[in-house]
Amino acid sequence: LNSYENRVYQFQDEHRRRLVTKIYRPQRWSDEQILEEHQFALDLQNADIPVAVPMNLGGTTLFNYEGYRFAVFPSVGGRSFEVDNWDQLEMVGRFLGRIHQVGTSNPFVHRPTLGLEEYVFQPRRELENSSFIPMHLENSFFSDLDRLIGVLESQWKNNWPSIRLHGDCHPSNILWRDGPMFVDLDDARNGPAVQDIWMLLNGDRNDRIAQLDTIAEAYSEFHDFPHQQLQLIEPLRGLRMVHYMAWLAKRWQDPAFPRAFPWFGEAKYWENQVLAFKEQLAALE
C-alpha cells in the first residue's frame, strides 16, 4: 500500500480475512514510542472514534521478526475524503474535536513534541550536509532558508497547550465510508491542536476561511476550538516545508524514493524551493 516511511502490505489470512501489516522503518521509533501510538489508537477507539487500530494477538500489538518490528491491522477500505464536500468536512471537524478531547487527557511520554529542533534545525543540518542543492543555487538557497528560519524562530512560542495529536492529518490519511476513518498515526506526537487542522485547508484564501469556519463550528461541539493558535498556521506550513525537503534527502538511498520523487534530483525543484521560501516569508510577515 502507499507508504514511504514504513512498508505496508495488504494480504488475506487462511480464513480469507483482509488484513494489513505495517512494518516499521528500523531505528525511527523505539518500542515504547510505537506502543504509545498503538495505545492512542485504542484510546480513540474506546471513545467511539473511527480509527485504524492494531490487532492484539497473544497479548501484544507489536511483533518482531528478524529485527523488523511490525503490527497487524484489520483492512479498512473506503474512498477518498472529499475536501470540497462541506458535509464531509463538517463531520471531520466533529471527529477532530473528539480526537483532541481524548488527546487532552494525558500527553505522550516517549513520543516527541512538535518543535523547531526536529522540524527546522535538524533538517537545516541535513540539507547542508547533503549534495542535492545545485552549486549555483547554494548561496541563495541557504540565505533564504536562514531568513525563513529566523522568522519562524521569532513567531514560534513553546507555551502553546500541547496535546496528543494525529500529527499528519492530511486528506490522504482520512478514508470515507459512511463517515471518516482516520488512519496512519505513525507521526503522532505532542503539539498544538491546530497542527491537525491546517493541513485540511486548501484553495485560495476565501476557500480556506470558509473551510476553517466549517471545521471550527463542528469542532466546537465537542472541544474548545483553539482560536488563538490560528496564528501558528503559517509557521507550521514553514516547518513542514523545511522538514519535507530534508526528509526526502535523508531517505534518498531507499530505492522507493527516487522512483516516487524523480524531480527531487533536478535543479528545477531547488529553484522552485527558493521561490517557495520567498512566498512563505511574505505569508509569515
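The values are calculated or read from the model by the stated rules, or taken from the named source; none is laboratory data. From a predicted model like this one, the values you see are computed outputs, not experimental measurements. Note that we place each Cβ from the backbone using ideal geometry, even for glycine, and neighbour counts take in every protein chain shown. When the accessible area is computed, the model is the full protein with side chains, heavy atoms only, and any ligands, DNA or RNA have been set aside. Shrake-Rupley method; radii C 1.70, N 1.55, O 1.52, S 1.80 Å.
For a quick check of your reading of the model, give me the residue pairs whose first member lies in region 47-61 and is among the hydroxyl-bearing types (Ser, Thr, Tyr), whose second is outside any loop (DSSP other than H, G, I, E, B), with beta-carbon atoms closer than 8 Å and at least 6 apart or on different chains.
Within 8 Å, the pairs are THR61/LEU35; THR61/HIS38; THR61/ALA71.
For the condition of a type in the set (A, V, I, L, M, F, W, C) and within 24 Å of ARG125 (Cβ to Cβ), what is the one hit in LEU232, LEU200?
LEU232
Being under 18 Å from PHE95 (Cβ atoms) and surrounded by fewer than 23 Cβ atoms within 10 Å (Cβ to Cβ) is the filter here, so list the residues in region 197-207 that pass it.
Within region 197-207, TRP198, MET199, LEU200, LEU201 qualify.
Got at least one residue in region 210-219 being open to solvent by 50 Å² or more (accessible area, probe 1.4 Å) and acidic (Asp, Glu)?
Yes: one or more hits.
Name every residue in region 115-147 that is open to solvent by less than 70 Å² (accessible area, probe 1.4 Å) and of a type in the set (Gly, Ala, Ser), in order of residue number.
GLY115, SER130, SER140, SER143
Inside region 154-181, can you point out the residues that are among the acidic types (Asp, Glu) and at pLDDT 95 or above?
Listed by number, the list holds a single entry, ASP168.
Would you check which residues across region 215-232 are over 17 Å from THR104 (Cα atoms) and small (Gly, Ala, Ser) and list them?
Residues satisfying the conditions are ALA216, ALA218.
Cβ-Cβ below 7 Å, separation at least six or inter-chain, first residue in region 127-144 and under 17 Å from ALA246 (Cβ atoms), second at pLDDT 95 or above and open to solvent by 50 Å² or more (accessible area, probe 1.4 Å): which pairs?
Every condition considered, the pairs that remain are LEU137/GLU271; ASP144/LYS278.
Taking the options ALA276, ALA249, ALA260, ALA282, name whichever one is of a type outside the set (Ser, Thr, Tyr) and touching a Ser or Thr at 6+ places or on another chain (Cβ under 7 Å).
ALA249
What number goes with the only condition from (1) under 18 Å from the mean Cα position of the chain (by Cα); (2) at positive phi that GLY203 does not pass?
For GLY203, the exception is condition (1).
Looking only at residues in region 242-266 that are within 26 Å of GLY115 (Cβ to Cβ) and of a type in the set (D, E, K, R), which one is most open to solvent (accessible area, probe 1.4 Å)?
Here the answer is LYS250.
Evaluate the following for ASP87: is it open to solvent by less than 30 Å² (accessible area, probe 1.4 Å) and free of Cβ contacts under 8 Å to residues at least 24 places away in the same chain?
No.
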